[in-house]
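**Q** Just passing along the structure, written as structure tokens.
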Amino acid sequence: MLKKILGTILCAALAITALTGCAGSGKKKVGISMPTKDLQRWNQDGDYMKQKFEAAGYEVDLQYAGNKADQQLSQLENMINSGCKVLVIAAVEASSLGNALDKAAAKKIPVIAYDRLIMDNANVSYYATFDNYKVGQIQGNFVKEKLDLDNAAGPFNIEFTAGDPGDNNATFFFNGAFDVLKPYIESKKLNVLSGQTDFASVATVKWASDTAQSRAENIIGSYYGEKNIDAWLCSNDSTAQGVVTALDARYNSEGRSGQWPIITGQDCDIVSVKNMIAGKQTMSVFKDTRTLAERTVTMVNDLLNGKTPETNNTYNNNKLDVPSYLCDPVFADISNYEDILIKSGYYTADQLK
Ligand code: BGC
């Protein structure tokens, strides 16, 4: 009997929660699902959004999915059942969230794809991101200019390390960079001694640093011997960090520190900025997570208040053209990191020591 009464009370509470968005507070609840706590950026993205949504009067349910698609799926289902009025999702895997998204659609809960496009489902209302192809172009152009590919005699050696095949962004980054460098590979001014130039061969599952490191070690051991590596195009900072560790063994312990290759990245992670300062990573791409978080809060606010959110692009996710807002990525290296990272208040000088 007691069980029945408690059950009835629980059901009533859940029903009220679903109706009001958040029991008791009257605030609407936003579900934010980030892929992993392992990478600095997602912690920052999550924290900024939580702060900004709360400041705008929302309740926030912020969850991290441990880089596991099934964990993300069940976290999203909980968010849907506990009355979230909107979901903001940076997907672990672009195409694995169908069940949760269908449930959200049945309850008319809009979904914002955050940073990574969610593929193969029609319930993706908006997409807030950076221009991911441009991130790759910035990296590719940097290598092109640094090696002076249009004028120098060469030939030069380059290797590629890309991102997670399940992350829709990863091909955009890779293609953006590869499209710039491809003509020089074709003309043999750039050689890829491993022969690995297609996305599938150079991808890094879950963007893991240790996976990038062991692949780099294999490549160095199998193809380079006494030969020099002039550039290593890495799609982001976590993969660049793995490649740097692999190169450290070869270049520093073997006394070749003068021939350190050009290494690209993106995110301006603290570890990578320190590596830039130490001369071990040559550049990164700064994607100000504060800008993306603010853009997302504005999008959600508009959406829940009957206004059409501002967009500046569309991306097709195999089901629909998702109205999208692309923020601008910014080139970063040793010459400008103080301005864009410290003066802008993104990091303190102490964090980079
Ligand atoms: C993000 C990058 C990040 C990578 C690994 C991508 O989807 O756009 O900023 O480095 O995931 O987490």
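**Q** Between residues in the stretch 89-108 that are basic (Lys, Arg) and residues that are in a helix (DSSP H, G or I), which pairs lie under 6 Å by C-beta distance while being six or more apart or on different chains?
**A** Sorted first by the residue in the stretch 89-108, then by its partner, the pairs are 103/80.
**Q** Then there is this: Out of the stretch 62-84, which residues are open to solvent by 10 Å² or more (accessible area, probe 1.4 Å) and of a type in the set (A, V, I, L, M, F, W, C)?
**A** Selection gives 62, 69, 73.
**Q** Now for a different question. Determine the pairs where a residue that is in contact (Cβ under 8 Å) with a residue 60 or more places away in the chain, located within the stretch 185-211, has a partner that is open to solvent by less than 40 Å² (accessible area, probe 1.4 Å) and not in a loop (DSSP other than H, G, I, E, B) with Cβ atoms under 9 Å apart, the partner being 6 or more residues away or on another chain.
**A** 207/170; 207/238; 207/239
**Q** OK, next. Which one of the conditions (1) under 21 Å from residue 287 (Cβ atoms); (2) modelled with pLDDT under 95 does residue 98 fail to meet, given that it meets all the rest?
**A** Going through the list (1) under 21 Å from residue 287 (Cβ atoms); (2) modelled with pLDDT under 95, residue 98 breaks only (1).
**Q** Moving on. Out of all the residues in the stretch 85-108, which are more than 16 Å from the ligand (Cβ to nearest atom) and open to solvent by less than 10 Å² (accessible area, probe 1.4 Å)?
**A** 86, 87, 100, 101, 104
**Q** Continuing with the same structure: Filter the stretch 200-231 for residues that are within 14 Å of the ligand (Cβ to nearest atom) and of a type in the set (Gly, Ala, Ser); which is farthest from the chain's Cα centre (by Cα)?
**A** Looking at the filtered set, the residue picked out is 212.
**Q** Let me ask another. Would the stretch 232-252 turn up any residue that is assigned to a loop (DSSP other than H, G, I, E, B), modelled with pLDDT under 95 and more than 13 Å from the ligand (Cβ to nearest atom)?
**A** yes
**Q** Here is a check on your reading of the model: is residue 135 at pLDDT 95 or above, closer than 19 Å to residue 169 by Cα and touching a strand residue (DSSP E or B) at 6+ places or on another chain (Cβ under 9 Å)? Can you show your working first?
**A** Values: at pLDDT 95 or above: yes; closer than 19 Å to residue 169 by Cα: yes; touching a strand residue (DSSP E or B) at 6+ places or on another chain (Cβ under 9 Å): yes.
The answer is yes for residue 135.
**Q** Of the residues 150, 120, 179, which is touching a residue at least 40 places away in the same chain (Cβ under 8 Å), more than 16 Å from the ligand (Cβ to nearest atom) and in a loop (DSSP other than H, G, I, E, B)?
**A** 120
**Q** Inspect the stretch 189-199 for any residue being crowded, with 21+ Cβ neighbours inside 10 Å and within 15 Å of the ligand (Cβ to nearest atom) and give the result as yes or no.
**A** Initially, the stretch 189-199 is screened for residues crowded, with 21+ Cβ neighbours inside 10 Å, giving 190.
Those left that are additionally within 15 Å of the ligand (Cβ to nearest atom): none.
Looking for residues that are crowded, with 21+ Cβ neighbours inside 10 Å and within 15 Å of the ligand (Cβ to nearest atom), one finds none in the stretch 189-199, hence no.
**Q** Sticking with this structure for a sec: Tell me, which strands (runs of 3 or more DSSP E) wholly within the stretch 258-353 include 3 or more residues that are within 16 Å of the ligand (Cβ to nearest atom), within 24 Å of residue 133 (Cα to Cα) and not polar (S, T, N, Q)?
**A** In the stretch 258-353, the matching strands (runs of 3 or more DSSP E) lie at 283-286, 321-327, 330-333.
**Q** Now for a different question. Please state which of the following conditions residue 36 fails to meet, knowing it meets all the rest: (1) among the hydroxyl-bearing types (Ser, Thr, Tyr); (2) more than 21 Å from residue 298 (Cα to Cα); (3) open to solvent by 20 Å² or more (accessible area, probe 1.4 Å).
**A** Result: residue 36 passes all but (3).
The values are calculated or read from the model by the stated rules, or taken from the named source; none is laboratory data. Being a predicted model, the structure only gives us computed values, none of them experimental. Neighbour counts are summed over all protein chains in view; Cβ atoms, including those assigned to glycine, are modelled from backbone coordinates with ideal geometry. These area figures cover heavy atoms from the full protein model, side chains too; ligands, DNA and RNA do not enter into them. Shrake-Rupley method; radii C 1.70, N 1.55, O 1.52, S 1.80 Å.
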